[in-house]
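The values are calculated or read from the model by the stated rules, or taken from the named source; none is laboratory data. Model, not experiment: these values are computed from the prediction. Cβ atoms come from the backbone with ideal geometry, glycine included; neighbour counts cover every protein chain shown. SASA here: full protein model, heavy atoms, side chains in, ligands and nucleic acids out. Shrake-Rupley method; radii C 1.70, N 1.55, O 1.52, S 1.80 Å.
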Amino acid sequence: MTAPISLKDLTIDNITDNVHAINSQGDNPRLRYILERTVTHLHDLAREVRLTTDEWMTAILFLTKVGQISSDTRQEFILLSDILGLSLLVDSIDHPKPKGSTEGTVLGPFHTHEAEHGDQGTLISHDSDGEPLLVLCTLKDVQGNPIAGAQIDVWETDSKGFYDVQHADRNGPDGRAVLKSDDNGNFWFKAIVPVPYPIPHDGPVGKLLKILNRHPYRPSHMHFMFKKAGYDPLVTALYLKDDPYEATDAVFGVKDSLVVSLQKVQDAEQAKAYNVNVGSALMSYDFVLVTDEAAARLRRQKAEEAIASLEGKFRFIDDLPVPDVD
Ligand code: BEZ
Ligand code: FE
């Protein structure tokens, strides 16, 4: 019989191992692994920076405020994860993209589940101050075959840089819609030209940005989320070229492959086909999805590469690494 764990007289040097011992009794191996690494990194952090009680209390009060300001329509924890680069990192790990497929980017806190389902050509923004924008897209697999019937969420701010949920007096969803790709993998809609805007910065995350002398702006962009059975979900966005914040996005979301130059509707035939004026702004993009299997294979391969440099033996549960202990 193993001796019961005694948790007395712990020191700077042995507390970590003892916390691991008491936490190792849970049944879920993946949770045990994540918690073990979290405790290790947290304890190492405290030892390394010689964390003071006052500093830890400041951090606790900061996180308390992050929770207190959060609501059904405001997600300050996502914001915190975004400005620390963690959201982009997790997306990159969990949704690896093979060459030729569309890269992902940050989801942000403003996707909702209340957007109306629209037909091809639907107008997603009713902000009359916005500059009209025609958006023409295709959706294909990496072999170039059209993907029909995918669900596509699109969302953007109004012309002042606010999402619908940021208006306390709103009547319903605006600046967003749920679309479907047609039999040829095409989808199109009408919107307004995106504008740069600051992420919500009147709360604890904004205060932190200020202390760090960082600006809160995101470059002009439009969000897209693709879902189709058999394909890895894609959360991405298109960014406008030459935006003043293109290279300094507050949440690290810009990738070159997602930066687009706006064009203009040139010919009368195209204008007639889409019922827009000649000369109006046009954004077009060819999106490429990865199958579930291809994404899982690449995720597994990257995980195997990552653990190769770690100490100890590992096994995989649902393609995720856990320590190989009896
Ligand atoms: C957004 O693009 O909607 C967004 C992303 C991260 C933080 C805040 C907003
Ligand atoms: Fe956004």
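Given contacts defined as C-alpha pairs under 8 Å and at least six residues apart, what's the relative contact order of the chain, whole-number percent? Don't skip to the end; give the middle numbers.
Details: 538 pairs, mean separation 61.2, N = 326.
Rounded, it is 19 percent for the chain.
Using only DSSP helix segments of four residues or longer, with each worth -39500 (n - 2.57), what per-residue ellipticity at 222 nm results for the chain after dividing by its residue count and rounding to 500?
Mean residue ellipticity, 222 nm, calculated: -9000 deg cm²/dmol.
Tell me the volume per residue, in Å³, of the convex hull enclosing the alpha carbons of the chain. Provide the component values of the computation, followed by the final result.
Details: hull volume 57.7 nm³, N = 326.
So the per-residue hull volume is 177 Å³.
Here segment 56-109 was treated as a single set of alpha-carbon atoms; its pair distances binned every 10 Å from 0 give 22, 39, 26, 10, 2 percent.
Legend: calculated FRET efficiency, residue 182 to residue 41, from the Cβ-Cβ distance at R0 = 45 Å, rounded to 0.05, equals 0.40. Computed from Cα atoms, the angle from the helix 292-307 axis to the main principal axis of the chain rounds to 40 degrees.
When the Cα positions of 33, 79, 111 are compared along the charge dipole of the chain, 33 comes out farthest toward the positive end, with charges on each C-beta of Lys, Arg, Asp and Glu. Annotation: residue 91 carries an accessible surface of approximately 30 Å², with a 1.4 Å probe and no ligand, DNA or RNA atoms counted. With all protein chains kept in place, the per residue accessible area of the chain amounts to 58 square angstrom at a probe of 1.4 angstrom. Extension gain, residue 114 to residue 212: 0.36 nm times the residue separation minus the Cα-Cα distance gives 31.8 nm.
Summed over all non-identical Cα pairs, the Kirkwood treatment of segment 177-253 gives a radius of 14.9 Å.
Bridgeable lysines around residue 264 (alpha carbons under 19 Å apart, same-chain partners fewer than 8 residues away excluded): 190, 241, 272.
Of the three principal axes defined by the Cα atoms of segment 191-326, the extents in descending order read 70, 44, 22 Å. Against the empirical curve 2.2 N^0.38 Å, the C-alpha radius of gyration of segment 117-268 lands at a ratio of 1.12. Note on segment 132-203: Rg/Rh from Cα positions, Kirkwood definition for Rh, rounded to two decimals, is 1.08.
When a 1.4 Å probe is rolled over the protein heavy atoms, the share of accessible surface on the chain that falls to carbon and sulfur comes to 54 percent. Sequentially through segment 180-188, phi angles give Karplus couplings (6.51, -1.76, 1.60; θ = phi - 60°) of 10, 6, 7, 4, 9, x, 9, 8, 8 Hz, Gly and Pro residues having no value and appearing as x.
Evaluating 6.51 cos²θ - 1.76 cosθ + 1.60 at θ = phi - 60° for every residue in segment 242-248, the Karplus couplings come out as 6, 5, x, 10, 3, 9, 9 Hz, glycine and proline recorded as x.
Each residue of segment 204-218 was assigned a 3J(HN,Hα) from its phi angle through the Karplus expression (A = 6.51, B = -1.76, C = 1.60, θ = phi - 60°), giving x, 5, x, 5, 5, 4, 5, 4, 8, 6, 10, 7, x, 7, 10 Hz with x at Gly and Pro. Each part gets one Cα centre, and for segment 5-79 versus segment 90-141 those centres are 36 Å apart.
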